[in-house]
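Take a look at the structure set out below.
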Amino acid sequence: MLYREWVKNIYSALKIQFRVIIALLLRETRTTFGNASIGYLWAIFTPALGIALLVLIFSFAARQPPFGQSLALFFATGFLTYEFYNKLSNSIMTVIDSNKALLLYPVVTPISAIIARFLLITLTYFIIMFLFYGILIFFGLAEFPSFPTKFCYAFLAIALFGLGVGLVNLTLIKLWESWRFVWQIINRPIFFISGIFFIPSLLPEYALDYLKWNPVLHLIEWIRTAYYPNYDSRILDVGFLLSLSLIFIVLGLFAERLNRHRKS
């Protein structure tokens, strides 16, 4: 009897949290993109315009793609991966500040707000990648991913790493408000050293010794090894990437729980 009551209470609590997360997800969608559908469409078109601009610049420079036959595909595999990680980590980092009023309600927890923000950004970039790669395939600028299952795993790895970085930064901001500005300075060079514009495996060994500590580079390499049939990466380390993501997520969640108990 006690066991049934315990299960019933857990089910009821999970049901309430599920409803809270859905409500927060809908609110996040309206807050981030506005009530008009053009806001969501703009979020989809922005990365596409960025890649189109890169392709245009390099086309005028008469440059061949570093790998494969399509400049657009090569840049997409790097740029969209970086944008997904960057958008997700920065959004998670500010989720508590943007939901302070709602967190006054006991039923709304920081974890609920984090999950809602995580789902929104992840679903948005799933649609962005699906549409962008689909358009490239439609116009003959790309083939279907050579290893679709591996590509899905890589996509999930981007989501997990972005979540982990966002949670750690969320904790650091609670300890030191100025960290958000320090992080922007630290994060900016990652755009240029993550292999968006080049193939890391072609660099000399001494350069790879430093670059291999950049997790975003591993994410981009994972995506490219999944998309291209013959992309051979000398630097990809899935174990390092997933371990780091798991450590960040656990530390971030533990710190959030600890901070909540201190406040109470």
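When you go through I38, I10 one by one, which is the residue that is surrounded by fewer than 14 Cβ atoms within 10 Å (Cβ to Cβ), more than 19 Å from the chain's Cα centre (by Cα), farther than 30 Å from E143 by Cα and modelled with pLDDT under 80? When all the criteria are applied, what remains is I10.
Residues of the stretch 98-134 that are in a helix (DSSP H, G or I), without any contact (Cβ under 8 Å) to a residue 24 or more places away in the chain and either open to solvent by 60 Å² or more (accessible area, probe 1.4 Å) or in contact with a strand residue (DSSP E or B) (Cβ under 8 Å, 6 or more places away or on another chain) (or both): L104, L123, F130.
Specify which of the listed residues (F240, F161) is open to solvent by 30 Å² or more (accessible area, probe 1.4 Å), of a type in the set (F, W, Y) and on the phi < 0 side of the Ramachandran plot.
On the way: F161 fails: open to solvent by 30 Å² or more (accessible area, probe 1.4 Å).
None of the other options fit; the residue is F240.
The helices (runs of 4 or more DSSP H) located wholly in the stretch 152-264 that include 1 or more residues which are under 18 Å from the mean Cα position of the chain (by Cα) occupy 179-187, 215-227, 238-263.
Let's see how each residue does on (1) modelled with pLDDT of 90 or more; (2) in contact with a His (Cβ under 8 Å, 6 or more places away or on another chain); (3) of a type in the set (A, V, I, L, M); (4) within 30 Å of L53 (Cβ to Cβ):
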site: L170; (1), (2), (3), (4): yes, no, yes, no
site: F191; (1), (2), (3), (4): yes, no, no, yes
site: I220; (1), (2), (3), (4): yes, no, yes, yes
site: L242; (1), (2), (3), (4): yes, no, yes, no
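For the stretch 80-97, filtered to residues that are open to solvent by 10 Å² or more (accessible area, probe 1.4 Å) and outside any helix (DSSP H, G or I), the residue that is nearest to R188 (Cα to Cα) is T94.
Scanning the stretch 191-243 for residues that are among the polar types (S, T, N, Q) and in contact (Cβ under 8 Å) with a residue 60 or more places away in the chain returns S194, T225.
The values are calculated or read from the model by the stated rules, or taken from the named source; none is laboratory data. Keep in mind it's a predicted model, so treat the numbers as computed, not measured. As a convention, Cβ positions derive from the backbone with ideal geometry for all residues, glycine included, and neighbour counts pool all protein chains shown. Accessible surface areas use protein heavy atoms only, side chains included; no ligands, DNA or RNA. Shrake-Rupley method; radii C 1.70, N 1.55, O 1.52, S 1.80 Å.
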